[in-house]
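Engineer: Please read through the structure below; I'll follow up with questions.
The values are calculated or read from the model by the stated rules, or taken from the named source; none is laboratory data. Worth saying up front: this structure is predicted, and the values here are computed from it rather than measured. Neighbour counts are summed over all protein chains in view; Cβ atoms, including those assigned to glycine, are modelled from backbone coordinates with ideal geometry.
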Amino acid sequence: MKKNIFCAFLLFSQSFLLFGQQKITFKTGVFIAPKATERHLFLAGDFNGWNPADKAWELAKDSTGAYHLFKELSKGIYHFKVTRGSWQTVECDKIGKPVDNRMLSINSDTTVTLNINGWQDNFAAEEKVHTASRQVHILNDKFDIPQLNRQRRIWIYLPADYLSSGKKIPVVYMNDGQNLFDSYTSGYGEWGIDEILDKFYGKKECIVVGIDHGGDFRITEYDPYDSKYGKGRGNDYVDFIVNTLKPYVDQHYRTRKDAAHTTIAGSSMGGLISMYAALKYPRIFGNAGIFSPAFWIAPRIYEYAGQQTLSKNSRFYFVCGDAESDSMVADMQKMGALIRNKVKDKQRSPVVIIPGAGHNEKQWSGDFPGFYEWLFRK
């Protein structure tokens with residue numbers, strides 16, 4: 001499935017240059033012929049920005065009909081798929097269902113055999129359906145972001161008894177709103193936040209405000225610093241949440257406005273900007289859910305974290321998988337150590353490492369219940 005919001009996956013590329021080059025041979029094994037005549041094969045992964053038609057990563061066909069590609073790569077963990085030049089012609093399983101990204105852990109010279117069981121364009125496109133529960137509403141399709149001079153769709157999840165209970169409710173602000181509630185709007189799977197929270201009905205309830213990412217602007221909006229991807233607008237984005245969106249939500253909904261009951265959360269680049277928001281505004285966001293944070297793109301975040309004075313009640317929940325990249329666990333542990341030196345209580349800043357977990361919505365959905373239980377733990 002197309003990874004059109006590819007910045008989440010560029011996370012891995014920075015660590016690869018630190019190690020010596022290894023010789024890698026990619027070759028096809030079991031190979032299901034496509035119905036179309038076009039049979040150029042490419043590798044698209046975190047080593048080339050998930051470009052589905054990168055000539056530098058095209059496999060060559062030999063006299064036997066097999067395909068091969070010789071490359072030199074640094075030691076590390078890589079994720080990729082085989083395509084025929086577009087995401088409409090990406091590999092799939094034998095019944096047309098998307099397959100997970102291939103994972104390659106390189107420690108030495110190796111040969112990788114590519115067994116391909118199907119191609120997406122050999123099958124009729126699967127009809128997309130809405131999966132958001134009745135508790136999910138669109139607050140506004142075109143909510144103004146004056147700090148960025150842009151507009152964005154805003155989602156809101158309300159507990160089932162919101163209209164009848166009369167009680168004030170904690171709020172969680174989450175990035176990448178497209179991927180939180182509805183498969184129809186998610187490019188590669190949803191978190192299922194609404195279904196997860198429905199199970200907590202009557203016990204641990206909250207409002208969730210989902211903010212759509214900016215598509216091509218996602219990297220720069222979620223980065224507080226300039227990078228090779230452009231001028232960082234993360235500071236403006238965070239100011240939007242604090243000075244425009246939160247006041248609106250607090251005015252129009254029964255919320256518990258204090259920092260102890262206000263949380264910000266997100267994954268990958270969304271985890272980076274959530275970290276920055278909680279550091280910059282500790283008296284607004286008393287809690288932060290930092291899922292697989294892309295600290296690699298903004299190393300200055302560590303210096304910023306060291307300089308900031310947090311509230312004595314600040315809480316951070318860090319979680320990632322150990323199969324995401326060579327640097328993910330170390331990067332997150334480094335930030336966790338910085339925060340623990342400030343809050344002095346490990347229960348306020350747990351660092352959770354999930355064995356075998358990758359960098360995707362399926363994993364973050366699985367991580368969310370643990371985070372949510374922690375959030376309501378006194």
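Engineer: Which residue out of LEU104, LEU69 is farther than 17 Å from ASN117 by Cβ, more than 22 Å from the chain's Cα centre (by Cα) and either in a strand (DSSP E or B) or not hydrophobic (A, V, I, L, M, F, W, C) (or both)?
Structural biologist: Result: LEU69 is the single residue among LEU104, LEU69 that is farther than 17 Å from ASN117 by Cβ, more than 22 Å from the chain's Cα centre (by Cα) and either in a strand (DSSP E or B) or not hydrophobic (A, V, I, L, M, F, W, C) (or both).
Engineer: Now a separate question. Scan region 327-378 for residues that are out of contact with any helix residue (DSSP H, G or I) (no Cβ under 8 Å at 6 or more places or on another chain) and acidic (Asp, Glu) and jot them down.
Structural biologist: Residues satisfying the conditions are ASP345, ASP367, GLU373.
Engineer: Then there is this: Select, from ASP194, ASP216, the only residue that is of a type outside the set (A, V, I, L, M, F, W, C), part of a helix (DSSP H, G or I) and under 21 Å from THR262 (Cα atoms).
Structural biologist: ASP194
Engineer: Look at GLN135 and say whether it is touching a strand residue (DSSP E or B) at 6+ places or on another chain (Cβ under 9 Å), surrounded by 15 or more Cβ atoms within 10 Å (Cβ to Cβ) and either of a type outside the set (Asp, Glu) or without any contact (Cβ under 8 Å) to a residue 60 or more places away in the chain (or both).
Structural biologist: So GLN135 fits the description; yes.
Engineer: Please go through region 153-176 and give me each residue that is surrounded by fewer than 22 Cβ atoms within 10 Å (Cβ to Cβ), among the charged types (D, E, K, R) and within 29 Å of the chain's Cα centre (by Cα), ordered by number.
Structural biologist: ARG153
Engineer: If the Cβ limit is 9 Å and pairs must be 6+ apart or interchain, which residue in region 343-370 that is on the phi > 0 side of the Ramachandran plot pairs with which residue that is surrounded by 17 or more Cβ atoms within 10 Å (Cβ to Cβ)?
Structural biologist: Within 9 Å, the pairs are GLY356/GLY321; GLY356/ALA323.
Engineer: Can you go through ALA36, ALA53, ALA60 and tell me which one is part of a loop (DSSP other than H, G, I, E, B) and farther than 25 Å from GLY358 by Cβ?
Structural biologist: Step by step, each of ALA36, ALA53, ALA60 is checked, and only ALA36 is part of a loop (DSSP other than H, G, I, E, B) and farther than 25 Å from GLY358 by Cβ.
Engineer: Here's another thing I want to ask about it. When you look at ILE273, is it in contact with a Ser or Thr (Cβ under 6 Å, 6 or more places away or on another chain) and within 23 Å of ASN140 (Cα to Cα), yes or no?
Structural biologist: no
Engineer: Going through region 186-235 one residue at a time, which ones are among the charged types (D, E, K, R), touching a helix residue (DSSP H, G or I) at 6+ places or on another chain (Cβ under 8 Å) and at pLDDT 90 or above?
Structural biologist: GLU190, GLU205, ASP212, ARG218, GLU221, ASP223, LYS231, ARG233
Results for (1) on the phi > 0 side of the Ramachandran plot; (2) in contact with a Leu (Cβ under 9 Å, 6 or more places away or on another chain), shown as yes or no for each residue.
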| site | (1), (2) |
| --- | --- |
| PHE31 | no, yes |
| PRO34 | no, no |
| HIS40 | no, yes |
| ASP54 | no, yes |
| GLY65 | yes, no |
